[in-house]
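Written out below as structure tokens is the structure these notes cover.
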């Protein structure tokens, strides 16, 4: 993915150490940052940029079984728990629309598709989207696709 300023950027899970990493392409190669290393964290990362060009990453914290969000602003990474229920946050897909953050994800405990929303500096709200069977794995969120918000889950 490219940042708004055109810099190639990747969020990924480093499986050997269990860390979340963020890489950007510079003139002399890739610059890699360890974003979160508190336990086994960073599975199923999804990267999005806000209007200011700040990166946001949603990811699964396997140590606690929860969905996390981390944002880099003024050179510092700030993380928070989005959904603290156990067994949620797999297959996350993140998007930003204006000052609204959206994360679609799979609730493995209940086998449901959920979406979390945060407007401005407010709190995260979570909603069950589909609960009919085992739904929401391998999903993809599309924000502002033809000026709407859409996500798709594949069971």
**OP:** Name every residue in region 59-78 that is more than 16 Å from residue 105 (Cα to Cα) and within 11 Å of the chain's Cα centre (by Cα), in order of residue number.
**Re:** 71
**OP:** Scan region 1-13 residue by residue and report those that are surrounded by 14 or more Cβ atoms within 10 Å (Cβ to Cβ) and in a strand (DSSP E or B).
**Re:** 9, 10, 11, 12, 13
Original post:
For residue 106, all conditions in the list (1) in a loop (DSSP other than H, G, I, E, B); (2) surrounded by 14 or more Cβ atoms within 10 Å (Cβ to Cβ) hold save one; what is the number of the exception?
Top reply: (1)
Original post:
For region 22-33, does any single residue satisfy the condition of being closer than 23 Å to residue 114 by Cβ, surrounded by 16 or more Cβ atoms within 10 Å (Cβ to Cβ), in contact (Cβ under 8 Å) with a residue 40 or more places away in the chain and under 16 Å from the mean Cα position of the chain (by Cα)?
Top reply: no
**OP:** Would you point out which residue out of 48, 38 is part of a loop (DSSP other than H, G, I, E, B), closer than 27 Å to residue 125 by Cβ and modelled with pLDDT of 95 or more?
**Re:** 38
Original post:
Just one of 136, 95 is outside any strand (DSSP E or B) and either in contact with a strand residue (DSSP E or B) (Cβ under 6 Å, 6 or more places away or on another chain) or modelled with pLDDT of 90 or more (or both); which is it?
Top reply: 136
Original post:
How many residues are under 17 Å from residue 61 (Cβ atoms) and free of Cβ contacts under 8 Å to residues at least 24 places away in the same chain if we restrict to region 91-117?
Top reply: 1
Original post:
In this structure, is residue 122 part of a loop (DSSP other than H, G, I, E, B), at pLDDT below 95 and crowded, with 20+ Cβ neighbours inside 10 Å?
Top reply: no
Original post:
Restricting the search to region 62-86, which residues are modelled with pLDDT under 95 and exposed (fewer than 12 other Cβ atoms within 10 Å of the Cβ)?
Top reply: 74, 75
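The values are calculated or read from the model by the stated rules, or taken from the named source; none is laboratory data. Being a predicted model, the structure only gives us computed values, none of them experimental. All Cβ positions, even for glycine, are placed from backbone atoms using ideal geometry, and neighbour counts span all protein chains on display.
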